[in-house]
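Let me begin by presenting the structure, written as structure tokens, before commenting on it.
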Amino acid sequence: RIRGDVVLTNRGSRPPDGPAEAVTLSLPVPGTVQHPAGWWSIEAEGPMPPGHAPSPGPSRAVLAAPALGRHLTIRTWWHGDRVQPLGTAGRKKVQDVFVDRKVPRHERSQVPLVIDAQGRIAWVAGHVIGEAFRVSASTDAVVVLTLRR
């Protein structure tokens, strides 16, 4: 099933917008990286003072620069990946984030994850920010990540 439709395929083929190949890319801060098939790009701007950052939104995350670092990895999700969403005390499987956000199964492998140098998930792009990257009143610099599809 894809959305409300039933799609029939031959063995060995994949449905339209089906599972993506595993992708791992390096993103310097500042910098831009694009998916090899052109499905998305992510731009990192900063570090900059919090007052100069644009407002966050579904396709834009504002993260604390000291926690994030200057070298990020952008990759597809792996089964078992966990993130601690903003405002929560515990970690949650990325798969559960997708279920809660009603991301169709065939699109989940196309959602980029932003990973810091310590291997922590900073942003499930377009969905949740990791608690460790929260911008607080004491944050002196931020990095703005923008997802473009």
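The table for this structure:
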item: Residues (of a type in the set (A, V, I, L, M), under 12 Å from V135 (Cβ atoms) and part of a loop (DSSP other than H, G, I, E, B)) located in the stretch 34-72; result: A53
item: Flag if P30 is touching a strand residue (DSSP E or B) at 6+ places or on another chain (Cβ under 7 Å), open to solvent by 40 Å² or more (accessible area, probe 1.4 Å) and either at positive phi or at pLDDT below 95 (or both); result: no
item: Members of the stretch 122-136 found to be under 22 Å from A37 (Cβ atoms) and buried (at least 18 other Cβ atoms within 10 Å of the Cβ), listed by number; result: W123, V124, A125, H127
item: Number of positions in the stretch 95-118 that are among the small types (G, A, S) and open to solvent by 50 Å² or more (accessible area, probe 1.4 Å); result: 1
item: Test: residue in the stretch 101-118 that is among the charged types (D, E, K, R), part of a loop (DSSP other than H, G, I, E, B) and under 16 Å from P58 (Cα atoms); result: yes
item: Residue pairs meeting the criteria (Cβ under 7 Å; at least 6 apart or on separate chains; first at negative phi and open to solvent by 50 Å² or more (accessible area, probe 1.4 Å), in the stretch 45-61; second at pLDDT 95 or above and assigned to a helix (DSSP H, G or I)); result: P47/A65
item: Matching residues in the stretch 73-91 - criterion: being closer than 19 Å to A132 by Cα and open to solvent by 70 Å² or more (accessible area, probe 1.4 Å); result: R82, L86, A89, R91
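The values are calculated or read from the model by the stated rules, or taken from the named source; none is laboratory data. All of these numbers come straight from a predicted model, not from anything done at the bench. Backbone-built Cβ (ideal geometry, glycine too); neighbour counts: all protein chains shown. Please note that ligands, DNA and RNA were not included when accessible areas were found on the heavy atoms of the full protein model with its side chains. Shrake-Rupley method; radii C 1.70, N 1.55, O 1.52, S 1.80 Å.
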